[in-house]
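These notes are about the structure you will find just below.
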Amino acid sequence: MFRSHAKKAPEKVAVVSKDETWTYRELDARSDRLANELLAAGIQKEDVVAIYAHRSPALVWAILGVMKAGAVFTIIDPAYPSSRTIECMRMAQPRGWLHLTAAGPLPEELDAFIRQQKDVFILELQPRSAENAESSAPVEAPAVEVGPDDLACMSFTSGSTGKPKGILGRHG
């Protein structure tokens, strides 16, 4: 649906903040490039990709890129204590970690945990240079089919025990 709207109204504003504005064309191209970069790194359909970020246009870019790759996104709020985030990551077992640098540096304990994980693709994203000029990933739409029953997101609640509980959401 997003891609269809981007084709119909490419110059309309898609996301805006006090610092930046992206059109549908820009957001579509940026998210395609990110999706292709994730796929080239070995991220597969329904793999979990954690996004360490706060609310921003770049978060929309990251979510769309993960979804276009057919992967499952989970958002990690920088305000959460490292111990809670690590517990969530143990449950989610992400195959990818996207760090939007505008969210600030990772706490030392969390950084060490993420870097110890085997076979996790780690990518730092610079929102201001969201076009990823250094990326060689193509800008065309990735060839991944996603249906309404495919997994799209993983959210965490505190659960009745006070420990995080993962909730899966589907595209439909």
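The values are calculated or read from the model by the stated rules, or taken from the named source; none is laboratory data. The model shown is predicted, which means the values in this text are computed figures rather than measured ones. Quick reminder, even Gly has a Cβ in these numbers, built from the backbone with ideal geometry, and neighbours come from all protein chains shown. Note: areas computed on protein heavy atoms with side chains; ligands, DNA, RNA excluded. Shrake-Rupley method; radii C 1.70, N 1.55, O 1.52, S 1.80 Å.
Table for the structure above
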| quantity | calculated |
| --- | --- |
| Average accessible area per residue (Å²) across the chain - probe 1.4 Å, nucleic acids and ligands excluded | 54 Å² |
| Carbon + sulfur, % of accessible area of the chain - ligands and nucleic acids excluded, 1.4 Å | 50 percent |
| For Ala71, residues with placed amide H under 5 Å, excluding near neighbours | Glu46 |
| Around Asn36: net Lys/Arg minus Asp/Glu count, Cβ-Cβ under 12 Å | 0 |
| Tilt relative to the chain, helix 24-40 - C-alpha long axis, 0 to 90 degrees, to 10 | 50 degrees |
| Percent antiparallel among DSSP beta bridges (both partners in the chain, rounded to 5) | 40 percent |
| Subset of Lys18/Lys165; Lys45/Lys118; Lys12/Lys45 violating a 26 Å alpha-carbon distance limit | Lys18/Lys165; Lys12/Lys45 |
| Tyr80, Tyr24, ranked by accessible area, largest first (probe 1.4 Å) | Tyr80, Tyr24 |
| Dipole in debye (nearest 20) - the range 28-79, about Cα centre, beta carbon charges: Lys, Arg +1; Asp, Glu -1 | 100 debye |
| Listed residues Cys153, Cys88 arranged by accessible area, highest first, probe 1.4 Å | Cys153, Cys88 |
| Cβ-based net charge around Ala143, under 14 Å, with every Lys or Arg adding one and every Asp or Glu removing one | 0 |
